[in-house]
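*Asks:* There's a structure below that I have some questions on.
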Amino acid sequence: MVIYGAIKEEIQRELEQRLSREIVINLFLSIWDLGVLESIYEDLKHKKSVFVINPAFDFFDIDVFCEFVAQALKGGKNLYFAPQINPDYFIKEPFWFFITSLDAVVNFLVESLYLKKSIQTDFRNFLHKSLRGHSISRVDIPKYLTNLSENWESFFSQDFSKEFFLKYSDVYFPHPNNVHIAISNRCNLECVMCPYHSKEYRSLQTSDFFDKSLFMQTQDFKKIAKYCGNHKIFMQFGQLDEPFIHPKFLEFLDIAKDYGVENINITTNGTLLDKKNAEKIVQSNIGHITFSLDAIDKESYKRIRGYDYDTTVANIQYLIDLLKTSKKKTTLGVCFILQGENAKEKSMQFLEYWLPLVDKVKFHQLSEFELDKEGSFVTKHQRQFREYKQRHTCSIPWQVLFITPDLKVTFCCNSMSVYSTSSSIGGGA
Ligand code: SF4
């Protein structure tokens, strides 16, 4: 097996010791480099197993990491593992990670980022040009280049990066490339960790956003779909809402397709995906569906999501079977928020069960809330971010728009939660 990723030598030693075998690790600056993609293709062509860790990032849980490599070796699959720091904050902690089929990632990178010449590619090219003289080959990468986000200031001063975004925003970000839409403010569940709908957090909200039902109107949705279609913007459903609650949701998918929206993703709890909805979803031929599950057994699922685990799993399985017999390209993922006792052990069982069935298995850390000086609920990350003055410049406001069912437009998921709850809590799925 060949592993691609920027990884510390001691982690490599640990890995080899635990797994009792030699592991080849090729370093790279970023999987976004065409050179790395070519090398991966070469290895795949020669039928080597390939495991890719992205981004170049060495602050992660070694136990979890070794488990994932062991799984990859056992399954003999080509896999992609992405532990991420929270990109918006300068915090050295994994915020979420996922594991998926490598082919899907490589296809995405080649098709979306290179062939379609997306914003990110231009931006990366700009960075690479700025780094002229530094090798970005797979060996001998200067330490300070192994993590772009962490070492932002090493080659861009904060003032420069701010100026860069402001000066070139029209060039690099003429429109968002991603629109997240909450088509209602309703969900049929009250998951314990949900900042929007759990009983505990509802009682703390100081905004009246969730008091009355809000459902996006068809004529308004059409305008958004037209804009997204014209600019080839990616659409994401499932924000602070369960999209299947909206009576027009399936119709909205057709409208979006009619207006030329090519990439549509849905995040759903899966409870309302009955056979009829599943058949319609398959016909819609959308890009990707993520199911928020968070449990691998009936009891935990009931405790966290308050619903019947077997019903939800049967819904997902029905969709998996339908997709297998169809020629549609819709990919599926499942999501697990690490929380409660035995979270690590359960996450491994979750991975073992779902990895053979779906395209992506994704894990999030549960946000821990605490009271700040003003009495607002904030996550540990948010508090650290406020204390940390040297944060790098974030490009998300130029790339992603969030739209609420009453047509308020905000610029990131944090502002959406602030708007909807009047406190700084974030998250939800
Ligand atoms: S976490 Fe998702 S499914 Fe659960 S209550 Fe919140 S929005 Fe609904």
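*Asks:* Given the range 194-263, what whole percent of its Cα pairs are spread farther than 19 Å?
*Replies:* Working: 1060 of 2415 pairs.
Counting pairs separated by more than 19 Å, the tail of P(r) holds 44 percent.
*Asks:* Working out 0.36 nm times the residue gap between D297 and Y318, then minus their Cα-Cα distance, what length gain in nm do you get to one decimal? Please report the intermediate quantities before stating the final value.
*Replies:* Numbers: separation 21, 0.36 × 21 = 7.56 nm, distance 1.87 nm.
Taking D297 through Y318 to full extension adds about 5.7 nm, to one decimal.
*Asks:* Could I ask something else about it? Could you work out how far apart the two model spin labels at E16 and S326 are, taking each label as a point 7 Å from the Cα in the direction of the beta carbon, and quote it in nm?
*Replies:* 4.8 nm
*Asks:* What's the percent breakdown of Cα-Cα distances in the range 234-335 across 10 Å bins, shortest bin first?
*Replies:* Taking every Cα pair in the range 234-335, the percentages come to 15, 50, 29, 6, 0.
*Asks:* Below 8 Å, C-alpha to C-alpha, sequence gap of six or more: please give me the relative contact order for the range 237-301 in percent. Working shown, then result.
*Replies:* On the way: 56 pairs, mean separation 23.1, N = 65.
Reported as a whole number, the value is 36 percent.
No lab work stands behind these numbers, since they all come straight from the coordinates. Nothing here was measured: the structure is a model prediction, and the numbers come from that model. Note that each Cβ is placed from the backbone with ideal geometry, even for glycine, and that neighbours are counted across all protein chains shown.
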